[in-house]
Structures are given as structure tokens and as C-alpha cells.
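Inspection log for the structure reproduced underneath, given as C-alpha cells.
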Amino acid sequence: MLEESITKLAGVGEKRAQALADLGIETIEDLLRYYPFRYDDIKERDLIEINDQEKVTIKGVVVSPPVINRFGYKKSRLQFRMMQDHDVFSVSFFNQPYLKDKIIVSEDIAVYGKWDAKRKSLTGMKILGANQEGEFAPIYHVSKAIRQQTLVDLIKKAFARFGEQLEENLPLSLMEKYRLLSRKEAMYAMHFPKDLNEYHQAKRRIVFEEFFLFQMKIQGLKKEEKSEKHGIIIHYDVERVKKFTKNLPFTLTNAQKRVTNEICRDFLQPRHMQRLLQGDVGSGKTVVAAIALYAVVTAGFQGALMVPTEILAQQHLASLNQLFDPLEIHTALLTSSTKPKEREKIIEQLQNGEIDILVGTHALIQEGVDFSNLGLVITDEQHRFGVSQRQILREKGFQPDVLFMTATPIPRTLAITTYGEMDVSIIDEMPAGRLPVETRWIKHGQLSGALKNAQLELQKGSQMYVICPLIEESEMLDVQNAVELYEQLKEFFEPEYTVGLLHGKMKNEEKEAVMQAFNENEFQVLVSTTVIEVGVDVPNATTMLIIDADRFGLAQLHQLRGRVGRGQEASTCILVANPQNELGKERMKIMTETNNGFVVSQKDLELRGPGEVFGSKQSGLPEFVAADIVADANVLEVAKDEAQQLWQKENWQLLPEYAGLLSYLKENAQENQFFD
């Protein structure tokens, strides 16, 4: 069986099994799916058509016996001469003395290596076997303990012994529709393609398969979430909601109206709402959240708003209280620093229904926090939750509707994979009168001038952030940098202006206290590492200086830039960087050219890839072996559409055509029960 241990293959003992496990290969299937990262072109070439320094395969006759010269510790050069037609040339192999036995005078030999036209010599890399298949040799990521040839031999053995067990997992109709190779053919050709065309066909099949199987799980989860048995119908009071919206101190944008309608439509459905609300920094998501919470309360339900930090929770509560009539809506705040007596009182009022809306941190989904009739949970900035982590809210036992909000604009391809089980609403319009942040890029030599300009801004009574460079290897270095910069800026700005410091090694209470003090203008300059939270709202801050900006990703720079420009005054973000390469320069250029977060995040995805954009460990991004969600975005779209259509087909699980697909999904379903 394919899930059997790799030790079932001849030649794999405990030691080799461990070396393979270090490469992520533990089962036969792991080995068969361990695809090459590139291929060497090994088709035989004539000497007359080879360019200098080209890597080629030359076939000829050995015309001189191999000689080994040793020099230095474990260093050697093996030399012999070959003839192709009537041309004689020399061949050298470095540090591979064991090849001597394979070189026999008067016998044919094929050598892959680099050609030196001036010296008329070949620096050999490997000797190819007489029965070499195809024109391409696979090159794998290997280790000191596992050589390329060892891996190739094991993969061939695995195909010979277990290849017949590679059952088809795609329905015939899809294979015919997209002219796809069979699973067995494609997997074999991924390792040993006869030519370039066969490789492209194999890759196309494997990429589609990976995306389609993933989308089958995601769309199954989506269908399960939307089934009537999971939901609650929230019959909100339309007239009261209209009146509340009309009395807001500003007019909603068309985008805000559109997404509010989408959410309210979900409330009236007898299914569980799972909706992601995306909106750029300052697009007005909080107001949409307020309308949704108000609507839920008019139907007799309670609402909860969960945010990552205490200061954000306090800010959100203050914003909601400005919009709600305290006689009509009873709100409360619950965080880890809520005093025990106050916590008891809040929990009691929650249980008897006195509290309509609870705002807080993760404290509000802890054991013992029970609602009387919870209808809606809104989580803000939980974009790093994976599919499994998001189930925590559903497992509390009350099945409320769920709205996720994020100010991190997510490109469509990432939304399809990361939030595939959700419906997505997008606020793609900024409120009237909001001034775009002017972004400038300067070199380090221009920093003193920028600080003098910042002083002029501070004289007008505004505040500024200074963000320290990101040292990815070490949080301690981040802190060290911040402290050094803090000391330098104190010398520059004090005593006229006070400088504060914020970094990741501070305790939560200390961070909260610093942000509170900055909020109240006790500091005019705040030096910080990247712990400045998304959503922190200090309208008086109009300048941001980001030191070594080229060390940050585009999406992160955009998020940081969003901390300024939150008031009525024009704001500036200054990127200080001397990028060493074209990629760094390109990133700085993009930031100065656009304020649109969706454009920025798409560019970030193209330049860096999904793992880096999200932070692979906590992103919940699926790991694909051959597929790439950026390069293969069009295939991902097709796979999603096909999976959606199949789930809409009544009782597709009972049809014989889908037996192989269903069997594969069940074997790989883990906790998901919806394939039964």
C-alpha cells in the first residue's frame, strides 16, 4: 500500500529511512510525490553545435585509460580522453575517483558536464547509463546522506513495485474535459519526462489535481456550514436599522451600503453565516460592524466583537458607544485585565441577557463566558487564523453567525485558498474627504533633513511614529535597534518633545500603557518595532518614518502606513532605505505610487510568494507540492469552479464515476465528516 513505510523498499534500512525522513519522505506515497525542482537537458549533442560553458551530454568512445591525480585532503582529479567521430577531447571529474571502474577503453560512454571550447575539454558531472530514459534528468533537493542517484534509483524501484496501486482520483469527465493525463502517467512523467511537452502535460495534471482536491474539501466545508441544520434566522427590525443608519453622523459609501446588505441578507437565511469583510485601512469597516451588531440586537440576540489587543478593544467600545444610544443598547468590555469582581458581574449580566454587546479580547471565548442568546460574533484582524483554528467559535456550542474583518487586503487567489469556506465582502471605496497619505522614499543620507521637517510638523501640535528596522533572525536585535534609535531621537527631540518606546519584549500591560500615553499626547514621538497593532487609532499622528524600509514586505509597509492619516490633517509616510538590489528598489517605488491596499498586496504576492506574505507558520495556507497559487492562479480558479459545481450536484457521492475521488477524499479527510 502507498501509505506503507519507506522501509518496505529494498535498500532502505533504518539509517537510510531516517535520512529520507529528514527530507520529508516517510511513506511510499511521499517518495512518489517528491518531485524534482528542475531537470537537466541530457539529450546527446554533437561537438560542432555546442557553445562555450554550456552544460551538455556528449556521447563517444573512451580512447585513453582513466588516470587519477590526488592533491590535498580527499581531493582528486580523474582524467581520460574521449572521441566523437574524429574529434578527440579530454574529460575531467573532480573528487569522484570511484567512477574509474565505469570508464573502459574502446567502449561507448555518455558524459554530462560543462564544455570548455577554448581548452576543448569537458568537466564531467555525471556518467549516464546506457539505458538512460528520455532527454531530461531530474534534479532533486537532497542531503549529504542521500545522493541524487540514490533517490532516482529508489523512485524507480517504488514505481516498479507500487505503481499499479496509484488509483485514479479525478472523475473521467474532468480528465476528458481538460485533456489530462492519468494520475499514474503524470506522476511518472513528473520524475522522468521523455521530452518537454510530456513534462508540461504531467505538471498541468498534478497542479489541477492538487487544487481540485483541496477545493473539494473547502467547498464541502462551505456547503456543510450553509446547511440549514447549522444556522439561526435573525429576524432583525428593518425599520429600526434604517433609522439607526440614517442618524449616523456621516453618509455611508456605496461600498459600505453594499456589504451591509450582504450581511443583513445572511441574517435572514436559516444557515450559518461565515463571511469575511475585507476593507483597506480607513475604509469604514467598524461602522458596518456597528450596523450588523445593532441589527442582531433588534432581533433579540446578543453580539460579540473580538479583537487582538486590549487597547483596540477599548477603542472599538468607545466607537460603538458614540454610535449607540446607551438607553437602547447595553455594551460591556471584557479583557484579561478585567478585575475578578467586574468579570463575575459581566458574566452574570451576559447570562441573564442584560448585556447586548460584549467587546473584548480572546477572554470572551474562554471557558465560563456564556451568553444568553448569542447571534453574531465579529472578529477583527484574525487574518492569520487557519481553517481549523476558525472552528473554535463554532465549537462553543451556540452556532452564532460569524463575521471576520480584516484590514489586510488579500488578493483573490489567496482569498480562494485561505478563506475558501467563507463568503467574501469587500469595501473597495474610501469615505469622502479622507486624505491619502503622501509616501516619500529617501536615502539614509537625507534622514537629518527629514527629522527637521518632522520637527516643523510637531510644532503644529501633531505626533509622529518612528518604526525600527526589522531583524528577522532575532527579536532581541529588534529590541536593541529600537533602544539605540530611541536614545538617538531623545537627544534630537528632547526637551521640546517627549519620546516614547514600544517593543515586543515589553509585557502586555506595559505596551498598553505606552499606547495609551501616546494616544493622550504624553509622547509626541513614538519609537516602535512592528508591534504597532493594525487598527491602533491616534488621529493626531500625521508623520511616520520607517527606517530600513526595504527590509519589510509591501503588505506590512502598507499596514504600518495606515497608522497615520486617520485625522483631518494631511499626513506623510517617509521610507528611509538604501536598497541593495532591484527588488528592493521596486518595492519602494510601488509604495510611493499607490495607496490602494489591494494593488499593494497583489504586487507583494507576485514579488514574494504567499508563504512570506502571510508568514507560513500561522497563515493556515495549504502546502502544495507542485502547484503555486501565484503562478498557477488561473488553474486554481478553474479547480474552484469545478469543485463548486460538483458539490451542487445532488448526491454526487453515490455516482460510480466519483468512487475514486470519494475514496481518496475520505482517506485524506482527517476530522471532516462531510464525505460520508
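The values are calculated or read from the model by the stated rules, or taken from the named source; none is laboratory data. Computed from a prediction, not measured in an experiment: that's the story for all the values here. Cβ placement follows ideal geometry from the backbone for every residue including glycine, while neighbour counts extend to all protein chains displayed. Areas reflect the complete protein model, heavy atoms only, side chains present, ligands, DNA and RNA absent. Shrake-Rupley method; radii C 1.70, N 1.55, O 1.52, S 1.80 Å.
Here are some notes:
- Looking at A255, A295, A289, just one residue is closer than 19 Å to P436 by Cα, of a type in the set (A, V, I, L, M) and at pLDDT 90 or above, and that residue is A255.
- For beta carbons closer than 8 Å, sequence separation of 6+ or different chains, a first residue in the range 544-556 that is under 18 Å from S571 (Cα atoms) and a second that is open to solvent by less than 30 Å² (accessible area, probe 1.4 Å) and of a type in the set (F, W, Y), the qualifying pairs are M544/Y465; L545/Y465; I546/F552.
- Cross-chain or 6+ apart pairs with Cβ under 8 Å, the range 581-605 first and among the basic types (K, R) and part of a helix (DSSP H, G or I), then at pLDDT below 85 and open to solvent by 10 Å² or more (accessible area, probe 1.4 Å): R587/L607
- Taking the criterion of being under 29 Å from S121 (Cα atoms) and either among the β-branched types (V, I, T) or not in a loop (DSSP other than H, G, I, E, B) (or both), the residues of the range 20-39 that qualify are R38, Y39.
- The set of residues from the range 225-235 being open to solvent by 60 Å² or more (accessible area, probe 1.4 Å) and at pLDDT 75 or above comprises I233, H235.
- The number of residues in the range 436-445 being surrounded by fewer than 13 Cβ atoms within 10 Å (Cβ to Cβ) and touching an Asp or Glu at 6+ places or on another chain (Cβ under 9 Å) comes to 1.
- Look at (1) under 26 Å from the mean Cα position of the chain (by Cα); (2) farther than 22 Å from D370 by Cα and you find that Q274 fails only one, number (2).
- Of the candidates D52, D85, the single residue that is more than 44 Å from the chain's Cα centre (by Cα) and either acidic (D, E) or assigned by the TED database to the domain that holds Q149 (or both) is D85.
- Test for E29: is it modelled with pLDDT under 90 and of a type in the set (D, E): no
- Filter result (more than 35 Å from the chain's Cα centre (by Cα), closer than 14 Å to S528 by Cα and not charged (D, E, K, R)) within the range 480-497: Q488, L489
- Failed condition for R179, given (1) without any contact (Cβ under 8 Å) to a residue 12 or more places away in the chain; (2) touching a Pro at 6+ places or on another chain (Cβ under 8 Å): (2)
- Residue match in the range 23-37 (condition: among the hydroxyl-bearing types (S, T, Y), under 16 Å from Q149 (Cα atoms) and touching a Pro at 6+ places or on another chain (Cβ under 7 Å)): no
One line per residue, one yes/no per condition, for (1) free of Cβ contacts under 8 Å to residues at least 12 places away in the same chain; (2) more than 21 Å from L196 (Cβ to Cβ):
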residue	(1), (2)
F37	no, no
I42	no, no
D46	no, no
D52	no, yes
N69	yes, yes
Y98	yes, yes
V105	no, yes
D108	no, yes
K120	no, yes
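- First in the range 1-27 and closer than 22 Å to E667 by Cα, second anywhere and outside any loop (DSSP other than H, G, I, E, B) and of a type in the set (S, T, Y), Cβ under 6 Å, 6 or more apart: E3/T27
- Residues satisfying the stated conditions in the range 518-542, i.e. open to solvent by 10 Å² or more (accessible area, probe 1.4 Å) and modelled with pLDDT of 85 or more: N519, E520, N521, E522, F523, Q524, P539, N540
- Wholly within the range 238-305, helices (runs of 4 or more DSSP H) carrying at least 2 residues that are free of Cβ contacts under 8 Å to residues at least 12 places away in the same chain: 238-246, 254-267
- Residue-level check: of (1) under 23 Å from E650 (Cβ atoms); (2) touching a Lys or Arg at 6+ places or on another chain (Cβ under 9 Å); (3) buried (at least 19 other Cβ atoms within 10 Å of the Cβ); (4) modelled with pLDDT under 95, L170 misses just (4).
- Within the range 350-401, if we keep just the residues that are touching a His at 6+ places or on another chain (Cβ under 7 Å) and at pLDDT 85 or above, the residue that is surrounded by the most Cβ atoms within 10 Å (Cβ to Cβ) turns out to be V359.
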